[in-house]
Each structure stands twice: as structure tokens, then as C-alpha cells.
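Please read the structure below before turning to the comments.
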């Protein structure tokens, strides 16, 4: 008897689904969150979902989310945009854009942004090499508590000390 009553209620509810809206909305899917990247009002949960998309190889979708969040002032999305630009992911690598995201984050007072932009300046990667400004940015990051910046200073501002092999790998010529 109870089963028949539950079944009757379920069928009655199904008959009126159009009257009350969508009963099983497309929530928590890739399409749902990518669609929200274009919404007028930014969903506060959207930015974190970009990490999942990037880590599962959905780089184009992650880029849309991170770019929207970063452009709306989400400091946590800016290093991700720098990372996306540096590594390309379905677009050519763009070190100039990566350095610009690092600068924007540094301008917002972020120690991480100051550290990354300082490395860009020390290396001349994506921006003209400026050792004096690069050191100043690294010093600012260290003053803000960035442990890796302190390590870099202790090693004479040598980028190789904190990112071993990064420059060699970046500029290695292909072997034929």
C-alpha cells in the first residue's frame, strides 16, 4: 500500500513538472559553471571551480572562469591566469600576458604577486629585465612573509635557487 502511494505521488509530481519548473537542473556541471562565467553577476563559487576544470584538462573552460574572476578583482584567480598564459593550454604561450597578471597582483599588495613579478623582472621574462626593480619586488614579497622570497634573497637573488632548471627548460632548443 505504501509503495503504491509513493508511486502515485511521484507520478502526480511528474505530471506537474512544467508548472513548477525544472525538477533536475544542470547544476555542478562544466556547462553550468562555464555559463556562469558570462553571467552579469559573479557567482562567488565560480572561481574555485576553475581549479577543478584546469586539473581535469578543461583548460579553455578554466581560462574563461579565471579570466572573469581575475578581471573582477579576485586575487586568487590572477596567479592562475598567469599560469594559464605562461603554459598556453590550447593557446600559444604568452609570457608578456603572464608577467602582466603578476604585476596586477603585485599592484594589489599581494606578496605572491610581488614575488612572481620580481622573478619576471630578474629574468627579463615577459618584460624587460630590470634587476633593481626585480630585487625590490622580491624584498617586498619577503617583507610580506613570502618564504620563497626570503630563500631567494639568501641565495643572492639567483632564480635558479628557487626554480632550478626553469630557464634552461624554457629556452632549450629542440633536438632533431
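Note on segment 67-87: residues that are within 25 Å of residue 130 (Cα to Cα) and surrounded by fewer than 19 Cβ atoms within 10 Å (Cβ to Cβ) amount to 3. Of the residues making up segment 112-128, those that are touching a helix residue (DSSP H, G or I) at 6+ places or on another chain (Cβ under 7 Å), outside any helix (DSSP H, G or I) and under 13 Å from residue 159 (Cβ atoms) number 1.
Any idea which of 76, 112, 122 is closer than 21 Å to residue 50 by Cα and either touching a strand residue (DSSP E or B) at 6+ places or on another chain (Cβ under 6 Å) or at pLDDT 95 or above (or both)?
Numbers: 76 fails: either touching a strand residue (DSSP E or B) at 6+ places or on another chain (Cβ under 6 Å) or at pLDDT 95 or above (or both); 122 fails: closer than 21 Å to residue 50 by Cα.
Sole residue among the options that is closer than 21 Å to residue 50 by Cα and either touching a strand residue (DSSP E or B) at 6+ places or on another chain (Cβ under 6 Å) or at pLDDT 95 or above (or both): 112.
If you check residue 103 against the conditions, is it surrounded by 19 or more Cβ atoms within 10 Å (Cβ to Cβ), outside the structural domain of residue 56 (by TED's automatic domain parsing) and on the phi < 0 side of the Ramachandran plot? It is true that residue 103 is surrounded by 19 or more Cβ atoms within 10 Å (Cβ to Cβ), outside the structural domain of residue 56 (by TED's automatic domain parsing) and on the phi < 0 side of the Ramachandran plot.
The values are calculated or read from the model by the stated rules, or taken from the named source; none is laboratory data. Keep in mind that what you see is a predicted model, and the values were worked out from it rather than measured. Positions of Cβ are generated from backbone atoms using ideal geometry, with glycine treated the same way; all protein chains shown enter the neighbour counts.
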